[in-house]
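In what follows, a structure is listed as structure tokens, so that the remarks can point back to it.
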Amino acid sequence: MIADLCSWPVARATARERGLAPVTLGIALVLVLIGMLRGSADTWGAEAFSGFGSFWFFLLALFLGGGLLADEVESGHAQLVLLRPITRAQWVGGRLVVAALVLCIAGGAGWASSVVASFMRGGAGELAGRLLVLPLALLPALGWLATLAAIGAFTRGWTNSGLLVAVRIGWALAAFGLPLAFPKLGLQPLIDVIGRHFGPQDALMLARQVQYHERFEPSVIFWDLAWLFAAWVVSVRLFNLRELARRRA
Amino acid sequence: MTPALEARGLTKRYRTPGGGELVAVDALSFAVQPGEIVGVLGPNGAGKTTALQLCLRLLHPDTGDSRLFGLDPEDLAARRRVGYAPDAALFPKALTGMRVLELHADLLGVPRAKAASLVEQLGFVEPAKRQTATYSRGQLQRLGLAQALLGDPDLMLLDEPTAGLDPAGVAQVRELLVGLKARGAAVLLNSHLLSEVERVCDRVLFVKNGRCLRVHDVRAGGQRAEVRLANAMQMSVRLQEKLPAGALDGDHFQIAVSGPEAVPPLVRELVDLGAEILEVRVGGAELEELYLQLVEGRA
């Protein structure tokens, strides 16, 4: 079943290419440092994914997903690999799964350093909340990574990362600016509804709900999971339509 | 017998920046049988590489279809039996040659030791340890050949395999082609080296502007009979049916023959079919002469 979705030889090659890249290792180190420096007695492990840390974590997702499919197609190597007895779905799966694993490992390192720092500085208890932080922080990041793969299935080079950044900035400006510019139109409720469906949603507040024994609302988790798998399926479907060879000059 | 490769009316058009249309490959049909080496000759931009890529479904044809061993080119069973060596460097620059070969061995499910033995066979041991970013054109070419040979393919498609190779490398490619043919593999070879094509190929397709101008049978001794007919128009369907290896060009019917001794039976056959013969010529068809005549349009 898993072998139908993911080619392990492709995954191994992608791990060497993306996982051991200096940029990946560098950002992972930054996440660890952020976790270490910001972890305190009253923090609960989310420091590598919030505030300054969220910027670096999203940057890592952008790097891992940027040109994830297009780079291989444009270098021409995908032609040779996809002439082997593997399906395009397995190839996309092999590359995406490894990018996701690297993101999880780097995020996990940031989380672990934050938790360790918290315990070393006298933090204790709230184990359930601390443990929940990691999957809840990873889930939307994986959704964005799959989105990058879906966009990259039909775009060139690192355009997918550029497009995603542009759309997110554009949306943030619109969500902030439109209600201010047109107060009489009452756009805020509409923007709130769109915002709740604009890509994967931040699920970290669920950890807080557990930590403070608030009412647990898991709908965000289901939304993020649905987004992740939908983006994966879309990336495979779109990539199936792509020509692997380029027109020669 | 099922052809190893069959192209049926493959056509590929591109839009040009000026809003026009470029027909890269135009209704191209041909077949390559097991144990046969077929060459593709044509000037730069004739559509040779595009034709290969269409056959393998690396490009989607606008019309037409191709089959590998009677199967769809995307069929994994067909792909397991195919090797493709492209004309340009297509390897991740950060990987060593050996890593590239090991990846392809894993994808094919063949032991990695096979990669090591191929590297040795192709005289590539030292460069295989280095990153492909450091390779010369010839070294990339050898790596391309090695990855194409990894699965002991029954069909090999080679795009300018001797470009950038030294004379020893060219000889090695020739030996390799002969070896493939000897074990019953089919080969489609794009090359500019007429002498090499003439030495190893059984048939040659002359391609220009994406169209196949002629299929030349090299094994026929490189000679052709040219028969001028008074009733060429009426004969065209019958000739196509009874002598499909020939081609009618205006009022000239041309067909490859093994030598002058094959001409009288041919004439008898044509007369029996109802042809009114005005003139018969038998000429040597050196590949270069044919190439210049067909592709460059020189008399």
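Can you give the longest run of chain A that contains no trypsin sites (Lys or Arg not before Pro) sitting in a DSSP loop with at most 16 other Cβ atoms inside 10 Å?
By the stated rule (loop sites, at most 16 other Cβ atoms within 10 Å), A:1-120.
Need one number: buried accessible surface between chains A and B, 1.4 Å probe, both sides summed, DNA, RNA and ligands left out, in Å² to 100.
Details: alone 13160 and 14520 Å², together 24850 Å².
In total, this chain pair buries about 2800 Å².
When only the heavy atoms of the protein chains count and the probe is 1.4 Å, how do A:Met36, B:Met233 rank by accessible area, highest first? Display every interim value, and only then the final one.
Working: A:Met36 90, B:Met233 165 Å².
Order by accessible area, largest first: B:Met233, A:Met36.
What size of dipole, in debye to the nearest 20, comes out for the range A:2-248 about its Cα centre when the only charges are +1 on Lys and Arg C-beta atoms and -1 on Asp and Glu C-beta atoms?
Computed about the Cα centre, the dipole is about 700 debye.
Grab chain B and count how many Lys pairs have their alpha-carbon atoms under 16 Å apart, sequence gap of 8 or more, or different chains.
5
Normalising by the residue count of the range B:5-217, find the relative contact order in percent from Cα pairs under 8 Å and 6+ residues apart.
30 percent
Per residue in the range A:59-91, which ones lose no less than 50 Å² of accessible surface when going from chain alone to all protein chains (1.4 Å probe)?
A:His77, A:Gln79, A:Leu80, A:Leu83, A:Arg84, A:Pro85
In square angstrom, what is the accessible area per residue of the range A:173-248 with a 1.4 angstrom probe?
Spelled out: the 1.4 Å probe surface of the range A:173-248, per residue, equals 67 Å².
With the contact rule set at Cα under 8 Å and sequence spacing of 6 or more, what percent relative contact order holds for chain A?
Result for chain A is 27 percent.
Dipole of the protein assembly as shown (Lys/Arg Cβ +1, Asp/Glu Cβ -1, origin at the Cα centre): which of B:Ala230, B:Thr2, A:Trp44 lies farthest to the positive side?
Positive-most Cα among the choices belongs to A:Trp44.
Helix-only estimate, please: 222 nm mean residue ellipticity of the protein assembly as shown, summing -39500 (n - 2.57) across DSSP H runs of length 4 or more and dividing by its residues, to the nearest 500. Don't skip to the end; give the middle numbers.
Details: 22 runs with 273 residues, N = 548.
Roughly -15500 deg cm²/dmol at 222 nm, from the helical runs in the protein assembly as shown.
Which value, in Å² and to the nearest 10, is the accessible area of A:Leu163 when all protein chains are kept and the probe is 1.4 Å?
Ignoring ligands and nucleic acids, A:Leu163 comes out at about 70 Å².
Using protein chains only (no ligands, no nucleic acids) and a 1.4 Å probe, work out which residues of the range A:10-58 have their accessible area cut by at least 40 Å² relative to the chain alone.
Residues of the range A:10-58 that lose at least 40 Å² of accessible area once the other chains are added: A:Arg16.
Please list, in chain and number order, the residues 5+ apart from B:Arg214 or on another chain whose amide H is under 5 Å from its amide H, with Hs placed from the backbone.
Amide H neighbours of B:Arg214: B:Phe206.
For the protein assembly as shown, give the percent of accessible area contributed by carbon and sulfur heavy atoms, probe 1.4 Å, rounded to a whole number.
Looking at the protein assembly as shown in its full context, I get 61 percent from C and S.
Given the C-alpha centroids of the range B:141-210 and the range B:47-74, what is the distance between them in whole angstrom?
19 Å
By DSSP, what percent of the beta bridges with both residues in chain B are antiparallel, rounded to the nearest 5?
Bridges in chain B that DSSP calls antiparallel: roughly 70 percent.
How much accessible area per residue does the range B:83-192 have, counting only protein heavy atoms and a probe of 1.4 Å, in square angstrom? Intermediate values should be presented prior to the final figure.
Details: 4080 Å² over 110 residues.
Heavy-atom SASA per residue in the range B:83-192 reads 37 Å².
In peptide B:145-158, how many Cβ atoms from other protein chains are near each Cβ within 10 Å, on average?
1
For the protein assembly as shown, with only Lys/Arg (+1) and Asp/Glu (-1) charged at the beta-carbon, what is the dipole magnitude about the Cα centre, in debye rounded to 20?
1200 debye
Helix A:188-197 versus the longest principal axis of chain A: what is the Cα-based angle in degrees, 0 to 90, to the nearest 10?
60 degrees
How much of the DSSP beta bridge set in the protein assembly as shown is antiparallel, as a percent to the nearest 5?
Working: 37 of 54 bridges.
Just about 70 percent of them are antiparallel.
The values are calculated or read from the model by the stated rules, or taken from the named source; none is laboratory data. Worth saying up front: this structure is predicted, and the values here are computed from it rather than measured. Counting neighbours? That spans all protein chains shown, and the Cβs are built from the backbone with ideal geometry, glycine included. Surface areas here come from the heavy atoms of the whole protein model, side chains and all, with no ligands, DNA or RNA. Shrake-Rupley method; radii C 1.70, N 1.55, O 1.52, S 1.80 Å.
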